[in-house]
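A.B. asks: One structure is given below, represented as structure tokens, and several questions about it will come after.
The values are calculated or read from the model by the stated rules, or taken from the named source; none is laboratory data. Bear in mind the structure is a predicted one, so any value in this text is a computation, not a measurement. Note that we place each Cβ from the backbone using ideal geometry, even for glycine, and neighbour counts take in every protein chain shown.
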Amino acid sequence: MNAALFACLLTLATTPSEPQDIAVSQQRTAPAESIVVIYGITDIVAADAPIDDEEVRDNPQSAATKAEARRLAATESFAEIARLYMKPKFERERDKLTVVGPGMLEATLGKEQVAWLDAFTELQRQTKKYVEIQVRAFEGPRGAFKDNGLKAASIVFEKPAELELVAQRLGADKRITQVSAPRLVAFNRQKANIAVVNQVSYIKDWKVEIVEPGPQEIADPVIDVINEGFTIDARAVALEPRVFGLEVGFSSAWLERPIPTRKIRISAHSENEVEIGEPVVRKVNFDSRMSLADGASIVFTTASPEPDKDLAIVVTLSSRTPEKH
């Protein structure tokens, strides 16, 4: 049964004389001036949990079970996004937004919150664009970004021309280098991530095996890998026709060189020693959530994992309409 038919049937069963929005399937009284609203969002979460046609052909029953699990997970994700951005603010001790099944939510909220959730749900139906998130990372000596006008931990630039002036100043400062410029593309509400890393292998340990003939002891190195560089996680959510909620997680790792080492004995039957690495990895992590207009940018400044250096992270958000084929 589709969402529209489900909404209409519930409307006829409850208040036949009063029309209801298609997103609001049913309302009933709740304590403390709240109301209970049932939302059917199967059509929305279906786009977030597509069905694998090949899997359907090979094993229809398994495919149906997996599809339902994906729709349930997508419904949970939708509910959590709504809780994060809801206005007035969602209070977890007072307000309720519960997943009652795949594509089905039950909300116990105030009237203003219900109005916000009605509009938010409809906007998710209407938003077909994908979101492009460009991230540029700059590194410079401590204080270099303050010298170039970036005096706050985060600054929003609504217009591209405003950001371009800052970028020109950073480019003209010989102390500052651009170290990364990845670009993420994702649909509305979809999580995306990218890693720009240099993998460094080192000997973490040694493993001794006793083999025949002999018996003999054979030492094999245990190799581990360090990811040095940047990792970025992002998700954009349509909040208004040209405004997105943006969640960004940034992680930077820097490996101290040369890698410190230590010698160890690995056999009771030999005085020979082998060398293992004991790497020192410095990390900087930050997470941020904000509202950003389509085409706007935000600049974060933070300490670099490399001693006596700072980082400036420039995040630019823009929406694009998918091309028709």
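A.B. asks: Restricting to the range 25-50, give me the number of residues that are at pLDDT below 75 and loosely packed, with under 14 Cβ neighbours inside 10 Å. Write out each step before concluding.
C.D. replies: Filtering the range 25-50 down to residues at pLDDT below 75 leaves 25-32, 49-50.
If we keep only those that are loosely packed, with under 14 Cβ neighbours inside 10 Å as well, we get 28-29, 31-32, 50.
Summing the residues that are at pLDDT below 75 and loosely packed, with under 14 Cβ neighbours inside 10 Å in the range 25-50 gives 5.
A.B. asks: Looking at (1) within 20 Å of E76 (Cβ to Cβ); (2) part of a helix (DSSP H, G or I), find the lone condition where A107 falls short.
C.D. replies: That leaves (2) as the condition not met.
A.B. asks: Continuing with the same structure: Would you mind listing the strands (runs of 3 or more DSSP E) fully within the range 192-301 where at least 3 residues are closer than 30 Å to K151 by Cα and touching a residue at least 12 places away in the same chain (Cβ under 8 Å)?
C.D. replies: Values: elements: 216-240, 243-255, 261-265, 273-277, 281-293.
Hits in the range 192-301: 216-240, 243-255, 281-293.
A.B. asks: From the list I232, I226, pick out the single residue that is under 29 Å from I44 (Cβ atoms), surrounded by 11 or more Cβ atoms within 10 Å (Cβ to Cβ) and under 34 Å from the mean Cα position of the chain (by Cα).
C.D. replies: Working: I226 fails: under 29 Å from I44 (Cβ atoms).
Exactly one of I232, I226 is under 29 Å from I44 (Cβ atoms), surrounded by 11 or more Cβ atoms within 10 Å (Cβ to Cβ) and under 34 Å from the mean Cα position of the chain (by Cα), namely I232.
A.B. asks: When the range 124-144 is examined, which residues are found to be farther than 16 Å from G295 by Cα, buried (at least 16 other Cβ atoms within 10 Å of the Cβ) and in contact with a helix residue (DSSP H, G or I) (Cβ under 9 Å, 6 or more places away or on another chain)?
C.D. replies: Q124, F138, G140, A144
A.B. asks: Mind telling me which of the residues N193, N198, N272, N227 ends up being under 30 Å from L117 (Cα atoms) and either among the charged types (D, E, K, R) or not assigned by TED's automatic domain parsing to the domain that holds R83 (or both)? It would help to see each step written out before you state the result.
C.D. replies: Values: N198 fails: under 30 Å from L117 (Cα atoms); N272 fails: under 30 Å from L117 (Cα atoms); N227 fails: under 30 Å from L117 (Cα atoms).
Just a single option satisfies the conditions, and that option is N193.
A.B. asks: Let me ask another. I'm checking my understanding of the structure. Among residues of the range 186-223 that are among the polar types (S, T, N, Q) and within 39 Å of the chain's Cα centre (by Cα), which one is surrounded by the most Cβ atoms within 10 Å (Cβ to Cβ)? Show your work before the answer.
C.D. replies: In the first step, residues of the range 186-223 are kept if they are among the polar types (S, T, N, Q); the result is 188, 190, 193, 198-199, 201, 216.
Narrowing the set further to residues that are within 39 Å of the chain's Cα centre (by Cα) leaves 188, 190, 193, 198-199, 201.
Details: N188: 20, Q190: 17, N193: 13, N198: 10, Q199: 9, S201: 10.
Here the residue is N188.
A.B. asks: Return the total of residues in the range 285-305 being within 11 Å of E139 (Cα to Cα) and surrounded by fewer than 16 Cβ atoms within 10 Å (Cβ to Cβ). Lay out the reasoning, then the answer.
C.D. replies: Of all residues in the range 285-305, those within 11 Å of E139 (Cα to Cα) come to 301-305.
Subset that is surrounded by fewer than 16 Cβ atoms within 10 Å (Cβ to Cβ): 303.
Residues meeting the conditions: 1.
A.B. asks: When you look at G103, is it touching a helix residue (DSSP H, G or I) at 6+ places or on another chain (Cβ under 6 Å) and not polar (S, T, N, Q), yes or no?
C.D. replies: Values: touching a helix residue (DSSP H, G or I) at 6+ places or on another chain (Cβ under 6 Å): yes; not polar (S, T, N, Q): yes.
So G103 fits the description; yes.
A.B. asks: Within the range 140-159, work out how many residues are part of a loop (DSSP other than H, G, I, E, B) and either among the acidic types (D, E) or not assigned by TED's automatic domain parsing to the domain that holds S297 (or both). So that I can check it myself, show each step before the final result.
C.D. replies: First, pick out the residues of the range 140-159 that are part of a loop (DSSP other than H, G, I, E, B): 142-143, 148-153, 158-159.
If we keep only those that are either among the acidic types (D, E) or not assigned by TED's automatic domain parsing to the domain that holds S297 (or both) too, we end up with 158.
So the answer is 1.
A.B. asks: Quick one: which of E112, E68, E91, E76 is in a loop (DSSP other than H, G, I, E, B), without any contact (Cβ under 8 Å) to a residue 60 or more places away in the chain and either in the same structural domain as P50 (by TED's automatic domain parsing) or not acidic (D, E) (or both)?
C.D. replies: Working: E112 fails: in a loop (DSSP other than H, G, I, E, B); E68 fails: in a loop (DSSP other than H, G, I, E, B); E76 fails: in a loop (DSSP other than H, G, I, E, B).
Matching residue, one of E112, E68, E91, E76: E91.
A.B. asks: Now for a different question. For the range 92-115, which positions are of a type outside the set (G, A, S), under 17 Å from I44 (Cα atoms) and surrounded by fewer than 20 Cβ atoms within 10 Å (Cβ to Cβ)? Walk me through it before giving the result.
C.D. replies: Filtering the range 92-115 for residues of a type outside the set (G, A, S) gives 92-100, 102, 104-106, 108-109, 111-114.
When the remaining residues are screened for being under 17 Å from I44 (Cα atoms), the result is 97-100, 102, 104-106.
Passing the criteria: T98, V99, V100, E106.
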